[in-house]
1. I'd like the full set of residues that are in contact with an Asp or Glu (Cβ under 7 Å, 6 or more places away or on another chain) and buried (at least 24 other Cβ atoms within 10 Å of the Cβ), limited to the range 131-148.
2. Keeping to the range 48-95, report how many residues are hydroxyl-bearing (Ser, Thr, Tyr), under 27 Å from Asn3 (Cα atoms) and surrounded by fewer than 16 Cβ atoms within 10 Å (Cβ to Cβ).
3. Count, please, the residues in the range 1-34 that happen to be farther than 20 Å from Asn165 by Cβ and at pLDDT below 90.
4. Among (1) in a helix (DSSP H, G or I); (2) within 19 Å of Val7 (Cβ to Cβ), where does Ala161 come up short?
5. Is it the case that Gly60 is modelled with pLDDT under 90 and within 17 Å of Trp135 (Cα to Cα)?
6. Considering Tyr101, Tyr45, Tyr73, which residue is free of Cβ contacts under 8 Å to residues at least 12 places away in the same chain, over 24 Å from Phe162 (Cα atoms) and out of contact with any strand residue (DSSP E or B) (no Cβ under 9 Å at 6 or more places or on another chain)?
7. Would you point out the residue of the range 96-117, among those that are exposed (fewer than 15 other Cβ atoms within 10 Å of the Cβ) and in contact with a helix residue (DSSP H, G or I) (Cβ under 6 Å, 6 or more places away or on another chain), that is modelled with the lowest pLDDT?
8. Would you be able to say whether some residue in the range 25-36 is within 16 Å of Tyr138 (Cα to Cα), in a helix (DSSP H, G or I) and in contact with a Leu (Cβ under 6 Å, 6 or more places away or on another chain)?
Amino acid sequence: MLNALIVQGIGAIGYTLLALSYFKKEKRQILFMQIISYIFFVVHYYLLNGITGAICNLIGLFALITIYIFEKYKLKNKILVSTFFIVLLLAVNALTFQNIYSIFPMVASVIVVISFLENNENDIRGIGVLAAICWLIYAIVYKSYIAIIFEVITLINVVIAFSKNLSHKK
C-alpha cells in the first residue's frame, strides 16, 4: 500500500509540474519545467512496469534537454535533431513493445519532439493537448491513477492557457 502511494506521489509531482509549465510565457520556461517533470515520469512508469512509457519519457527527457539547449543558445539544425529523436523513439518502441497500448506513449513523445520545430507557444500548447490524450489512455491501461487525474487536469489547464493566450493576442 505504501509503495503504491509513493509511486502515485512521484507521478503527482511530475504531472503538477507539467500542468504548471503551460502557464509559462516563454518557450524556454515551458521546456525547463517539462524537463523536470519528465524525470518524475520516467521513475513513475518504470515503477508501474510501464516499460515503454518509462523509456519514451527517458528519450523525451533527452529530447527536451536538447531542445532547451538549442533554444537557449539559438542553435540550428532543428530538423536533423528532431528526426534523430523521432527515429530513436520509433526504434525503441519496436524493441520494447509490450502491447497495442505501447503505441500511445510513442505517439505522445513524437508529438512533443515535433513541438521542437514550433516557435509559436500556443502551437506548443496545442501539441500538449494531443500528447495528454495519448498519455491518458496509457495511464488508464497501466493503472496510473494519479496520471489519469492529472492528465485530465492538464488537458483542462492547457485548454485554458491556450484560450487565455489567444484572447491576449487579439
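The values are calculated or read from the model by the stated rules, or taken from the named source; none is laboratory data. These numbers come from a predicted model, not from an experiment. Quick reminder, even Gly has a Cβ in these numbers, built from the backbone with ideal geometry, and neighbours come from all protein chains shown.
1. As a first pass, look at the range 131-148 and keep what is in contact with an Asp or Glu (Cβ under 7 Å, 6 or more places away or on another chain): 132, 135-136, 139.
Ala132, Trp135, Ala139 - these are the residues of the range 131-148 that are in contact with an Asp or Glu (Cβ under 7 Å, 6 or more places away or on another chain) and buried (at least 24 other Cβ atoms within 10 Å of the Cβ).
2. Start the filter on the range 48-95 by keeping residues that are hydroxyl-bearing (Ser, Thr, Tyr), which leaves 52, 66, 68, 73, 82-83.
Those still in the list that are under 27 Å from Asn3 (Cα atoms) too: 52.
The next check asks that each one be surrounded by fewer than 16 Cβ atoms within 10 Å (Cβ to Cβ); those that pass are none.
Selection size over the range 48-95: 0.
3. Our first condition is that a residue be farther than 20 Å from Asn165 by Cβ; within the range 1-34, this holds for 1-16.
Going one step further and asking which of them are at pLDDT below 90, we end up with 1-2, 15-16.
Within the range 1-34, residues that are farther than 20 Å from Asn165 by Cβ and at pLDDT below 90 number 4.
4. With (1) in a helix (DSSP H, G or I); (2) within 19 Å of Val7 (Cβ to Cβ) applied to Ala161, the lone miss is (2).
5. Values: modelled with pLDDT under 90: yes; within 17 Å of Trp135 (Cα to Cα): yes.
Considered against the rule, which asks whether it is modelled with pLDDT under 90 and within 17 Å of Trp135 (Cα to Cα), Gly60 comes out as yes.
6. On the way: Tyr101 fails: free of Cβ contacts under 8 Å to residues at least 12 places away in the same chain; Tyr45 fails: free of Cβ contacts under 8 Å to residues at least 12 places away in the same chain.
Selected residue: Tyr73, the only one of Tyr101, Tyr45, Tyr73 that is free of Cβ contacts under 8 Å to residues at least 12 places away in the same chain, over 24 Å from Phe162 (Cα atoms) and out of contact with any strand residue (DSSP E or B) (no Cβ under 9 Å at 6 or more places or on another chain).
7. Start the filter on the range 96-117 by keeping residues that are exposed (fewer than 15 other Cβ atoms within 10 Å of the Cβ), which leaves 97-100, 117.
Next, from what is left, pick out any that are in contact with a helix residue (DSSP H, G or I) (Cβ under 6 Å, 6 or more places away or on another chain): 98, 117.
Values: Gln98: 85, Leu117: 75.
Among those residues, the one meeting the criterion is Leu117.
8. Step one: of the range 25-36, the residues within 16 Å of Tyr138 (Cα to Cα) are none.
For the range 25-36, residues within 16 Å of Tyr138 (Cα to Cα), in a helix (DSSP H, G or I) and in contact with a Leu (Cβ under 6 Å, 6 or more places away or on another chain): absent.
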